[in-house]
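Notes for the one structure printed next.
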Amino acid sequence: MTSFLRKRIISSAIPLVFVVLGVFCLARLTGSPVDLYLPLSATPQQRAEFSAAHGFDDSIPVQLWDYLTNAARLDFGTSLRTGESAGSMVLKAFPVTLQLAGMTMLLAILGALLVGSLAAYRPNSLIDRIAGLLSMTAASIPDFWFAIVGVLVFGVGLDWLPTSGTLGGPEIWVLPIATLLIRPFGVLVQVVRGSMVGALSAPYVKVARSKGADPKRVVFGHALRNSITPVLTVAGDLTVGLVNGAVVVETIFGWPGIGKLMIDSILQRDFAVLQAAVLLTAVTIFALNILVDVCHALIDPRVRQAVPA
Amino acid sequence: MKSSTLPTPAGTGGPALEVEGLCVDLRTPSGTVRAVNGVGFQVRKGRTLALLGESGCGKSMTALSIAGLLDPTAEVTGGSVKVSGTDVLRLGQAGRRKLAGPVLSIVFQDALTALNPVQPVGRQLAEPFRIHRGMSRRDAREKAVELMTRVGIPEPRLRARAYPHQFSGGMRQRLLIAMAVALDPDVLIADEPTTALDVTVQAQIMRLLRDLQTERDMALVLITHDLAVVAQRADDVAVMYAGNVVETGPVAEVFSRPRHPYTRGLLDSVPEHAVRGRPLPAVPGSPPELSAVPSGCVFQARCPLAQERCAQERPRPMSVGASRSAACHFSEELDRV
């Protein structure tokens, strides 16, 4: 298992380098921060001083080298906006998003396993059809639309839930999580149903029934573990997609997470913060992928064996 | 113990398995078709009945309906299946589960997909003991190791922790057989148990089945399309064609003097009877689609003896000698030819 992990980490590190390079270059395409931070009346002298102070007068390769060497020491520079260290700003925002995404995926996976298994146990039954319709709808609703309508109906119209912000009791979680949840839940129900139908019609399920196993034992003892592999893969992909969703949700609901931080730093050409935020997100996604692979290996002995020691 | 609810105590001579008029309907996208039509046969303890027929003739469907393992798209619509005297078709799901293992058991053909790929084989072999005898994990595991020893798995204690993909095809089939005989069933159904194996391994598996059958006095239903296996291993044979049993009887008699033209066609197509330089003899044509089975005799389209009567009237199985029957209007004539 340790060699499996080591290999997996090394093969993830290479794309990570490309992500870092890409973000560095793309950020600089948005224009010079000097124009944004200094008044129009600023003299060329003042402009040159500002550039020099933040290193924008160096050539791009030199800036990149500085960025990389500093990043290697975990120094990601300071924010142009606040003067705070970019690293600490990102680390402050990250747990907010992590909580939101973690809670969302947990609910989505558990809910999908329940609904998907019920639908799969009797294909084409009423439950199956209702689950199919609901999950298809859920998977197709755009998150920004759902969020805005949710605010309009439950926040403004019925006044049951806060329209935005993070102050208050558990009710503040409802709309953001519902918005993030709806698509992964819809997709996962379909995946669970599909792989469960496959597992339940597999010969080993017939054999289990021929040994006198009751439906509970058949589903949870035999089919579930066999059907969970594709669910995990898709859940991993969807979690990555939640980063996108987090940008939308955090912007609409005013949550101080990493999504909002990224949008703000793009709009304000706060390169250091943007780079740090993207880097941390990328590292998280790679870690997530490794986690999914480890789970696969734990679940399926054939995957474990396929990795040469 | 297990026969306390059953009227026929073991060994008193009543058939262990008695199938009568079994009908199975299959729902397909183009309508309901009858896959098994009035199948009947009997097997006594210690005896072997071969269910012989080509692919799609309904022999596996017959086996699955006896075991209560049909897919939801198939449904038993008539007949009775008495296992040690109990009509299992009248039992509920829970009642059938009680019999599945201790009374009636089944061995499937493809041992790779028939074993759960993510469970150690020891645990799968222990499952019958856990379900029916309520044994502890440890006791059941001991039983599993014993079983593995019995069916000839080397280093059973070590191998009990291995997964199905770490075994060869023959070893997997041994495991599957071990699992099926775990609770000493009265009736064992083996659905083409050697199809996926090479010839030398086939012989070993058939020998293992025979030994276990003798040792445990089981009634064995051997489902196969292999005439040689039937000749070597079975006491009786039931020949199936398009969902019907067309001929039954002791193997030696049926094979030496077939009383149904289909049986005869099958026997004639064995390559031993071939003449060098001539095409191999075969039954001309192919079986009817299940959705278009003719109203008269099911075999009429391919039968060399077919006459007008065969198109109008379906022949019923008739006695053609001691414990033999054939479903043909002209079985007498066939005997004289």
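The values are calculated or read from the model by the stated rules, or taken from the named source; none is laboratory data. Note that this is a predicted model, so its numbers are computed, not measured. So basically every Cβ, Gly included, is an ideal-geometry build from the backbone, and we count neighbours across all protein chains shown.
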Take A:Val207 and tell me if it is away from chain B (no Cβ under 14 Å), closer than 24 Å to B:Thr113 by Cα, surrounded by 14 or more Cβ atoms within 10 Å (Cβ to Cβ) and in contact with a helix residue (DSSP H, G or I) (Cβ under 7 Å, 6 or more places away or on another chain). no
Identify, from the list B:Leu220, B:Leu290, B:Leu267, the residue that is touching a Ser or Thr at 6+ places or on another chain (Cβ under 7 Å) and closer than 28 Å to B:Glu192 by Cα. B:Leu220
Listed by first then second residue, the pairs whose first member lies in the stretch B:99-111 and is more than 7 Å from chain A (Cβ to nearest Cβ), whose partner is among the hydrophobic types (A, V, I, L, M, F, W, C) and assigned to a loop (DSSP other than H, G, I, E, B), with beta carbons under 8 Å and at least 6 positions apart or on separate chains, are B:Leu99/B:Leu91; B:Pro102/B:Leu183; B:Val103/B:Leu6; B:Gln109/B:Ala196; B:Ala111/B:Ala196
Given the options A:Ala13, A:Ala71, A:Ala42, name the one that is in contact with a helix residue (DSSP H, G or I) (Cβ under 9 Å, 6 or more places away or on another chain), small (Gly, Ala, Ser) and in a loop (DSSP other than H, G, I, E, B). A:Ala42
Any residue that is closer than 25 Å to B:Ser331 by Cβ, out of contact with any strand residue (DSSP E or B) (no Cβ under 9 Å at 6 or more places or on another chain) and assigned to a helix (DSSP H, G or I) - is there at least one of those in the stretch B:240-254? yes
Which listed residue is assigned to a loop (DSSP other than H, G, I, E, B), in contact with a helix residue (DSSP H, G or I) (Cβ under 8 Å, 6 or more places away or on another chain) and at the interface with another protein chain (Cβ under 9 Å from one of its Cβ atoms), from B:Pro72, B:Pro117: B:Pro117
Pull up the stretch A:224-253, narrow it to residues that are touching a Ser or Thr at 6+ places or on another chain (Cβ under 6 Å) and surrounded by fewer than 20 Cβ atoms within 10 Å (Cβ to Cβ), then point me to the one that is farthest from the other protein chains (Cβ to nearest Cβ). A:Val243
Answer yes if at least one residue in the stretch B:45-60 is under 29 Å from A:Ala223 (Cα atoms) and within 14 Å of chain A (Cβ to nearest Cβ), and no otherwise. yes
Looking at (1) small (Gly, Ala, Ser); (2) within 23 Å of A:Gly198 (Cα to Cα); (3) not in a helix (DSSP H, G or I), which is the one condition that is false for A:Gly83? (2)
Limited to the stretch B:83-92, what total is found for residues that are in contact with a Leu (Cβ under 7 Å, 6 or more places away or on another chain) and part of a strand (DSSP E or B)? 2
What is the residue count in the stretch B:125-162 for residues that are assigned to a helix (DSSP H, G or I), surrounded by 14 or more Cβ atoms within 10 Å (Cβ to Cβ) and of a type in the set (A, V, I, L, M, F, W, C)? 9
Note on A:Val62: of the conditions (1) β-branched (Val, Ile, Thr); (2) within 21 Å of A:Ser265 (Cβ to Cβ); (3) touching a Gly at 6+ places or on another chain (Cβ under 9 Å), unmet is (2)
Within the stretch B:286-305, work out how many residues are in contact with a Cys (Cβ under 9 Å, 6 or more places away or on another chain) and within 28 Å of B:Ala252 (Cβ to Cβ). 5
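Condition check ((1) aliphatic (A, V, I, L, M); (2) in a helix (DSSP H, G or I); (3) in contact (Cβ under 8 Å) with a residue 40 or more places away in the chain) across all residues:
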position	(1), (2), (3)
B:Gly14	no, no, yes
B:Glu18	no, no, yes
B:Val33	yes, no, yes
B:Gln42	no, no, no
B:Leu49	yes, no, yes
B:Glu54	no, no, yes
B:Gly78	no, no, yes
B:Ala94	yes, yes, no
Among what's in the stretch A:254-309 and is small (Gly, Ala, Ser) and within 14 Å of chain B (Cβ to nearest Cβ), pick the residue that is surrounded by the fewest Cβ atoms within 10 Å (Cβ to Cβ). A:Ala306
Quick one: in the stretch A:210-223, which of the residues that are surrounded by 18 or more Cβ atoms within 10 Å (Cβ to Cβ) and either touching a residue at least 60 places away in the same chain (Cβ under 8 Å) or hydrophobic (A, V, I, L, M, F, W, C) (or both) is farthest from the other protein chains (Cβ to nearest Cβ)? A:Val219
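Residue by residue, here is whether (1) within 22 Å of B:Arg316 (Cα to Cα); (2) away from chain A (no Cβ under 12 Å); (3) buried (at least 18 other Cβ atoms within 10 Å of the Cβ) holds:
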{"position": "B:Val19", "(1), (2), (3)": "yes, yes, yes"}
{"position": "B:Ala67", "(1), (2), (3)": "no, no, yes"}
{"position": "B:Val81", "(1), (2), (3)": "yes, yes, yes"}
{"position": "B:Val88", "(1), (2), (3)": "no, yes, yes"}
Residues located in the stretch A:182-198, provided they are surrounded by fewer than 23 Cβ atoms within 10 Å (Cβ to Cβ) and either at the interface with another protein chain (Cβ under 10 Å from one of its Cβ atoms) or over 30 Å from A:Gly150 (Cβ atoms) (or both): A:Ser195, A:Val197, A:Gly198
Just one of B:Ala301, B:Ala282 is of a type outside the set (D, E, K, R), exposed (fewer than 15 other Cβ atoms within 10 Å of the Cβ) and either part of a loop (DSSP other than H, G, I, E, B) or without any contact (Cβ under 8 Å) to a residue 60 or more places away in the chain (or both); which is it? B:Ala282
Neighbours by Cβ (under 6 Å, 6+ apart or cross-chain): first from the stretch B:131-155, away from chain A (no Cβ under 14 Å); second surrounded by fewer than 18 Cβ atoms within 10 Å (Cβ to Cβ) and not in a loop (DSSP other than H, G, I, E, B): B:Val145/B:Arg157
Which is farther than 30 Å from A:Ile299 by Cα and either modelled with pLDDT under 75 or under 20 Å from the mean Cα position of the chain (by Cα) (or both), of A:Ser32, A:Ser3, A:Ser12? A:Ser32
Checking B:Pro29 against (1) within 13 Å of B:Tyr241 (Cα to Cα); (2) free of Cβ contacts under 8 Å to residues at least 12 places away in the same chain, which test does it fail? (1)
